[in-house]
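Undergrad: My questions will all concern the structure given below.
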Amino acid sequence: MSRAVTRVAESWALAGGIILLAIMAITSVNVAGFGLDRLARLFGANISGLPGYEDVVRLSISSAALMFLPWCQAQRGHVTVDLFGRAMPGRVRAALDRLWLGGIVLLCIFLGYWMTIGMIETRSDNALSPVLGWPVWPFYLPGIVSLALWAAVAATQLKDRAHDA
């Protein structure tokens, strides 16, 4: 498989991991605030949670969730069910592998197309997050890039498998 595509998928997954770490930090601060609020109430004070916490987490996780899939594909880390495959001849297994890789490419293109349509509609509707009032459409972009990258990884694997046949 192309090293460049693999490196991009790896970097993309690391960016998703950084987003998840930020979500964990924000969540920790918010949970600590709730604990401090209970303590402060004993003294008649009030400490509120982070305003817009739910918006930040919802929008961030929607971006980060798909960012791991291209790297997972590059590592061939997806769940497979191999009940009958081991008993099949190598050529049949290789043909099935190519078939599924082609299916993944088509699925990613299909989902990326519809996600792009959804982003365009969300932008034209001027959809905003409920608390912070952030525009929602930019948070579609990492998902669209993830699907394109996932398709590129699977297409590269398919090309490599075609040369092996």
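The values are calculated or read from the model by the stated rules, or taken from the named source; none is laboratory data. Just so it is clear, the model here is predicted, and its values are computed rather than measured. Glycine also receives a Cβ, built like all others from the backbone with ideal geometry; neighbour counts cover every protein chain displayed. What goes into the accessible areas is simple: the full protein's heavy atoms, side chains included, and nothing from ligands, DNA or RNA. Shrake-Rupley method; radii C 1.70, N 1.55, O 1.52, S 1.80 Å.
Undergrad: Scan the range 1-58 for residues that are of a type in the set (D, E, K, R) and under 29 Å from PRO130 (Cα atoms) and jot them down.
TA: ASP37, ARG38, ARG41, GLU54, ASP55, ARG58
Undergrad: In the set ASP97, ASP160, ASP125, which member is modelled with pLDDT of 95 or more, of a type in the set (Asp, Glu) and over 25 Å from ALA22 (Cα atoms)? Step through it out loud before you land on a result.
TA: Working: ASP97 fails: modelled with pLDDT of 95 or more; ASP160 fails: modelled with pLDDT of 95 or more.
Selected residue: ASP125, the only one of ASP97, ASP160, ASP125 that is modelled with pLDDT of 95 or more, of a type in the set (Asp, Glu) and over 25 Å from ALA22 (Cα atoms).
Undergrad: Against the condition open to solvent by 60 Å² or more (accessible area, probe 1.4 Å), within 18 Å of GLU10 (Cβ to Cβ), in a helix (DSSP H, G or I) and of a type in the set (Gly, Ala, Ser), how does ALA148 come out, does it pass?
TA: Spelling it out, ALA148 is indeed open to solvent by 60 Å² or more (accessible area, probe 1.4 Å), within 18 Å of GLU10 (Cβ to Cβ), in a helix (DSSP H, G or I) and of a type in the set (Gly, Ala, Ser).
Undergrad: Given (1) in a helix (DSSP H, G or I); (2) surrounded by 13 or more Cβ atoms within 10 Å (Cβ to Cβ), identify the lone condition not met by ALA162.
TA: For ALA162, the exception is condition (2).
Undergrad: Within the range 123-131, identify whether any single residue is in contact (Cβ under 8 Å) with a residue 12 or more places away in the chain, surrounded by 14 or more Cβ atoms within 10 Å (Cβ to Cβ), in a helix (DSSP H, G or I) and out of contact with any Ser or Thr (no Cβ under 6 Å at 6 or more places or on another chain), and answer yes or no.
TA: For the range 123-131, residues in contact (Cβ under 8 Å) with a residue 12 or more places away in the chain, surrounded by 14 or more Cβ atoms within 10 Å (Cβ to Cβ), in a helix (DSSP H, G or I) and out of contact with any Ser or Thr (no Cβ under 6 Å at 6 or more places or on another chain): present.
Undergrad: Would you mind finding the one in PHE43, PHE110 that is surrounded by fewer than 15 Cβ atoms within 10 Å (Cβ to Cβ), free of Cβ contacts under 8 Å to residues at least 12 places away in the same chain, part of a helix (DSSP H, G or I) and of a type in the set (Phe, Trp, Tyr)?
TA: Result: PHE110 is the single residue among PHE43, PHE110 that is surrounded by fewer than 15 Cβ atoms within 10 Å (Cβ to Cβ), free of Cβ contacts under 8 Å to residues at least 12 places away in the same chain, part of a helix (DSSP H, G or I) and of a type in the set (Phe, Trp, Tyr).
Undergrad: Please enumerate the residues belonging to the range 48-76 that are of a type in the set (Lys, Arg) and more than 26 Å from SER28 (Cβ to Cβ).
TA: In the first step, residues of the range 48-76 are kept if they are of a type in the set (Lys, Arg); the result is 58, 76.
Matches in the range 48-76: ARG76 only.
Undergrad: Of all residues being outside any loop (DSSP other than H, G, I, E, B) and open to solvent by 60 Å² or more (accessible area, probe 1.4 Å) in the range 66-92, which is nearest to LEU36 (Cα to Cα)? Just the residue, please.
TA: By that ranking, first place goes to PHE68.
Undergrad: Next question, about the same structure. Here are some residues: ILE18, ILE47. Which one is in contact with a Leu (Cβ under 9 Å, 6 or more places away or on another chain) and among the β-branched types (Val, Ile, Thr)?
TA: Values: ILE18 fails: in contact with a Leu (Cβ under 9 Å, 6 or more places away or on another chain).
Checking each option against the conditions leaves just ILE47.
Undergrad: For the range 14-30, give me the residue count where each residue is among the polar types (S, T, N, Q), more than 11 Å from SER60 (Cβ to Cβ) and open to solvent by less than 50 Å² (accessible area, probe 1.4 Å).
TA: 1
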